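Bear in mind these aren't lab numbers, they're just calculated from the coordinates by the rules spelled out. Everything quoted here is computed from the prediction, not taken from an experiment. Here the Cβ positions follow ideal geometry from the backbone for every residue, glycine too, while neighbour counts run over all protein chains shown.
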Amino acid sequence: MIYDYSNYSKYLMAVLKERQTSNPAYSLRAMARDIEVSATTLSDVINGKKNFSEQTGHEVALKLKLSGRKVKYFNTLVQLETTKNEDLKLHLLSQLKVLNP
């Protein structure tokens with residue numbers, strides 16, 4: 001599922017909606033608790049107002065039970081959103097293509 005996304009905040013929104021489908025009582029606040037970030041931070045990230053740091057992105061990927069290439073893919077999406085360096089962006093985009101099966 002992660003490979004369907006080119007933006008990690010949209011992926012987080014999809015995870016939230018999926019969890020709400022299987023448990024209608026599940027909320028953004030519950031997801032924030034599960035991934036150990038504040039509800040405000042998670043809301044801001046999902047709404048594109050804020051980005052995770054690379055460290056927080058890595059920790060969140062692990063708490064979402066992503067593994068191997070999926071963690072690397074998620075982390076690369078986080079880096080892509082936070083970098084302002086155009087050369088690095090091009091490198092990260094090429095990494096995403098390699099990581100996406």
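For the stretch 84-101, just list the computed ³J(HN,Hα) in residue order, Karplus coefficients 6.51, -1.76 and 1.60, θ = phi - 60°, integers in Hz, with x standing in for Gly and Pro.
10, 7, 5, 5, 5, 4, 4, 4, 5, 4, 5, 4, 4, 5, 5, 6, 7, x
Given the rule -39500 (n - 2.57) for each run of at least 4 DSSP H residues, summed and divided by the residues of the chain, what is its mean residue ellipticity at 222 nm, to the nearest 500 deg cm²/dmol?
-21000 deg cm²/dmol
Counting other Cβ atoms within 10 Å of each Cβ, which trypsin sites (Lys or Arg not before Pro) in the stretch 1-55 have at most 12 and sit in a DSSP loop?
Hits after loop and neighbour filter: 49.
Quick one: divide the alpha-carbon radius of gyration of the stretch 53-101 by 2.2 N^0.38 Å and tell me what you get.
Working it through for the stretch 53-101, the quotient is 1.10.
Can you pull a Stokes-Einstein diffusion coefficient for the chain at 25 °C (0.890 mPa s), Rh from Kirkwood over Cα pairs, as a whole number of µm²/s?
On the way: Rh = 13.8 Å.
This corresponds to a translational diffusion coefficient of 177 µm²/s.
Using alpha-carbon pairs under 8 Å, 6+ residues apart, how would you state the relative contact order of the chain in percent?
With pairs under 8 Å counted, the relative contact order is 27 percent.
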